[in-house]
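What follows is a single structure, written as structure tokens, with notes after it.
The values are calculated or read from the model by the stated rules, or taken from the named source; none is laboratory data. Keep in mind that this is a model prediction, so the values were computed, not measured. Positions of Cβ are generated from backbone atoms using ideal geometry, with glycine treated the same way; all protein chains shown enter the neighbour counts.
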Amino acid sequence: MAAAHAHAVGDAEYAEVSGHRLLGFLFFLISDCVIFGNFIFSYLYLRNAAPVWPPVGIERPYLYLAAVNSIVLFGSGATMHYAMEGMRHDRRSQFVAYTIATIVLGSMFLGGQAYEYTHLLPHTTWAGTTFGASFYTLTGLHGFHVFIGVIFLIVVLLQTLRGTYTQERHFGLTAATLYWHFVDVIWVALFFLFYIY
Amino acid sequence: MSVTEVGLPASSHIHPPPDTFIKKYVFSLDHKVIAVQYFITAGLFLVFAGLLAELMRVQLMGPNNHVLSVAVFNQAYSLHGTAMVWLVGIPIVTGAFGNLIMPVQIGARDVAFPWLNMLSFWMLPVAGILVFASLLFGAPQAGWTEYPPVSLQLPLGESLSLWCAGVFVIGVSSTITGLNFLVTIVKMRAPGMTYTRMPLFVWATGVTAFLSMIATANLSAALAGLFIQHNFGVPFYDVTRGGAPVLWQHVFWFYSHPAVYILILPAFGIVSEVIPTFVRRPIFGYKAIAYSSAAIGLLSFMVWAHHMFTSGLQHWEQLFFMIFTMIIAVPTGVKIFSWVTTLWRGKIRLDTPLLFVLGFLSVFTLGGITGVMLASVPADAQEHASYFVVAHIHYVLFGGTILGIFAGLYYWWPKMTGRMLDERLGKWHFWLTYIFFNLTFLPMHWVGLLGMPRRVATYDPAYAGTNFFVSISSFVLAAAILIFIYNAYRSVRHGELAGPNPWGARTLEWMIPSPMPYYNFRDIPIVLSGPYDYGKPLPYANISQDLAMTPVR
């Protein structure tokens, strides 16, 4: 039904409406960036104001798991790219395989993050210190974005299997891809700020 | 001229209008209906918030009155500020005027995302209910800025959560509206409508939309921070656990200073539309006004800490923010000079919209000057948190935004309803508002300079006479709005029919019938030059010639 409706509009109208949606989606990502920016500013402000960092009794987060997790997430960015390449060249099976890979990698990242929260930071709580407040708020917000991204990918994958998107008409896929890469880029900043800096 | 020849947008075909009551008036996707919904909802909140102000003035009629308890007084000023900024000012200037006029002025049939537009509107009543419902639990008492630690110390129960949630909802609504308007302006202008042919109201709305999108997203994050601090004890702002109350001031004002430009830029846009129409000359300095809007938009992100000069900033920070705050007066001054120069030797017709604009020019300039005074760090150290600040903010937000809103309402009322407002009642409304506005807020400068602090329920008897006078004036000021309400009621019932172009204006909204038909334009117009060249032929092709007529009066 959705597919039938999508093809009821002409190519020119689809291109025009997709153009509006693409710009709107980019604006949404910019405003989302501002939200991360706000909490990053708060983190740096509180860190700068603190006499010692991290606060006494708080362990630094464990670098190696986060490094592996980063590789997993960046790898998912690569698989997402190959998935879209498949769609652009009308290789449906390539799209499906790489999208499933992206979903699996994204879920692995979330699993790694859950393990970190529950096992690796026994003394760091959300409400305990400014470090915990910044760390859990920012990485949690990012994890929530990854979760939404995974859901987004599952939805567009199912839509693709039902034939909603074609080589020429796949704005939903473009949006999902942009969102996924956006979440990747945010992670670069968070990884640097919490695990290296 | 055929439509396809000039490459019109493919989506320009006309859908049939909705036929059920719910789709037409409740969950409408039509930008014009949504605009009216905004006017009515925000107008109701204006009455509530105005009554809170009058309650405060009753309390302040004497130095030690017991009309309100101190706690209720604190709740009244907190909710008055909250409601006036977020539930009244911003929804009216962006949601109502932006929706009513902007799409038509660029020659579009609707905004880019009508469904999101409807969603934005329906967040407003939800936010209003959340904010006013906090009264039932004892509303927050730390002012509309809700500075920690005070906002966190008091036994607030659920109310701070409700307040955060309400403002968060209206913030998201504002972000969505900004995004929607920006895409509309970038993507949906009629053929020939280049950026430098856009009406100045569209320029103002575009810059406002940018500010709404960027700054308001930041507000959402800041409120989330306050919310989790309040509910889960996450110590962002708790100084006893390494947090920083000043951090809240930074993140709050990083939104809230751009927000005052969200409130005033559309009013600037309205003024820029009204002046050339009632002076019958091209606006002086079109590009200067347009680009100064953009300059104000950018500079507004570099001045936020001038609200925090007494909060313990570094000296270099104070200097930085003082200088940029003074610089932002320059593009504002460019606008004032351009408007005054347009008026100079014009064929001035003193109808109600122009009266409100002249009122705006005179009092907003005063508010701007006290703004520069407050920007000066040594002066601000004396004036901070005094009634001088209260006077300043009301000169720019009442004298600027509210007078601008009324100018716009009198100007576009015929376009919105198809009927004229009564001129005689309009002039009564204007003069009573203008005189009693000044009688209410001008004396506040003096008691402020003498040292009366703001946000107090009782005060030194030395200020009693002035405060009594201010209170009486404020009652008349509030009563003056009844004239407008009566005028509006009378106009809708049996006002004189307006015709498409009662003021003889030249922007696109006046080229279509009043009230505006569903889908605005039968054919998308083609724009040949800018909108303010009075004395030249109309710069549009592809519009019905019978509508591009001369004024009826």
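Here A:Phe144 meets the list (1) surrounded by fewer than 17 Cβ atoms within 10 Å (Cβ to Cβ); (2) farther than 17 Å from A:Thr99 by Cα; (3) touching a residue at least 60 places away in the same chain (Cβ under 8 Å); (4) not aliphatic (A, V, I, L, M) almost entirely, failing just condition (3).
For the structure I just gave you, tell me whether B:Lys287 is more than 19 Å from the chain's Cα centre (by Cα), at pLDDT below 95 and surrounded by fewer than 20 Cβ atoms within 10 Å (Cβ to Cβ).
No; evaluated as a whole, the condition is false for this residue.
Listed by position, the helices (runs of 4 or more DSSP H) contained in the range B:318-426 that have at least 3 residues being modelled with pLDDT of 95 or more are B:352-375, B:387-396, B:403-417. Here is the figure for the range B:501-538: residues that are free of Cβ contacts under 8 Å to residues at least 40 places away in the same chain and of a type in the set (Val, Ile, Thr) total 0. Checking the range A:46-69 against the condition returns a match, with at least one residue being crowded, with 19+ Cβ neighbours inside 10 Å and more than 21 Å from A:Thr129 (Cβ to Cβ).
The residue of the range B:374-401 that is nearest to B:Lys427 (Cα to Cα), among those that are β-branched (Val, Ile, Thr) and touching a residue at least 60 places away in the same chain (Cβ under 8 Å), is B:Thr401.
Of the residues making up the range B:205-241, those that are free of Cβ contacts under 8 Å to residues at least 24 places away in the same chain and either within 9 Å of another protein chain (Cβ to nearest Cβ) or buried (at least 23 other Cβ atoms within 10 Å of the Cβ) (or both) number 7. Applying the set (1) within 22 Å of A:Thr160 (Cβ to Cβ); (2) touching a residue at least 40 places away in the same chain (Cβ under 8 Å); (3) in a helix (DSSP H, G or I); (4) more than 14 Å from chain B (Cβ to nearest Cβ) to A:Gln94 leaves exactly one unmet item: (2). Residues that are under 30 Å from B:Tyr255 (Cα atoms) and polar (S, T, N, Q) within the range A:12-67 comprise A:Ser31, A:Asn38, A:Ser42, A:Asn48, listed in sequence order.
Surrounded by fewer than 15 Cβ atoms within 10 Å (Cβ to Cβ), within 23 Å of the chain's Cα centre (by Cα) and free of Cβ contacts under 8 Å to residues at least 60 places away in the same chain - does that describe any residue in the range B:457-470? No, that holds for no residue. When the test is whether a residue is closer than 29 Å to A:Tyr117 by Cα, within 14 Å of chain B (Cβ to nearest Cβ) and without any contact (Cβ under 8 Å) to a residue 24 or more places away in the chain, A:Val56 passes it. Looking across the range B:208-245, the residues that are under 22 Å from the mean Cα position of the chain (by Cα) and hydroxyl-bearing (Ser, Thr, Tyr) come down to B:Thr208, B:Ser212, B:Thr216, B:Ser220. Among residues that are surrounded by 16 or more Cβ atoms within 10 Å (Cβ to Cβ), without any contact (Cβ under 8 Å) to a residue 24 or more places away in the chain, within 14 Å of chain B (Cβ to nearest Cβ) and under 16 Å from A:His181 (Cβ atoms), A:Phe28 is included.
One residue alone among A:Val56, A:Val17, A:Val9, A:Val52 is part of a helix (DSSP H, G or I) and among the β-branched types (Val, Ile, Thr), and that residue is A:Val17.
Name the residue, out of A:Thr124, A:Thr118, that is among the polar types (S, T, N, Q) and buried (at least 20 other Cβ atoms within 10 Å of the Cβ).
On inspection, the qualifying residue turns out to be A:Thr124.
Restricting attention to the range B:147-202, the residues that are of a type outside the set (S, T, N, Q) and either within 10 Å of chain A (Cβ to nearest Cβ) or not in a loop (DSSP other than H, G, I, E, B) (or both) total 29. Scanning the range B:405-456 for residues that are under 30 Å from B:Val70 (Cα atoms) and of a type in the set (Lys, Arg) gives B:Arg454, B:Arg455. A count restricted to the range B:477-501 and to residues that are assigned to a helix (DSSP H, G or I) and farther than 29 Å from B:Gln141 by Cβ stands at 14. The condition (being away from every other protein chain (no Cβ under 14 Å), surrounded by fewer than 16 Cβ atoms within 10 Å (Cβ to Cβ) and free of Cβ contacts under 8 Å to residues at least 60 places away in the same chain) is satisfied by just one residue among A:Glu13, A:Glu85: A:Glu85. One residue stands out among those in the range B:342-373 that are over 16 Å from B:Thr277 (Cβ atoms), among the β-branched types (Val, Ile, Thr) and in contact (Cβ under 8 Å) with a residue 12 or more places away in the chain: the one that is surrounded by the most Cβ atoms within 10 Å (Cβ to Cβ), which is B:Val363.
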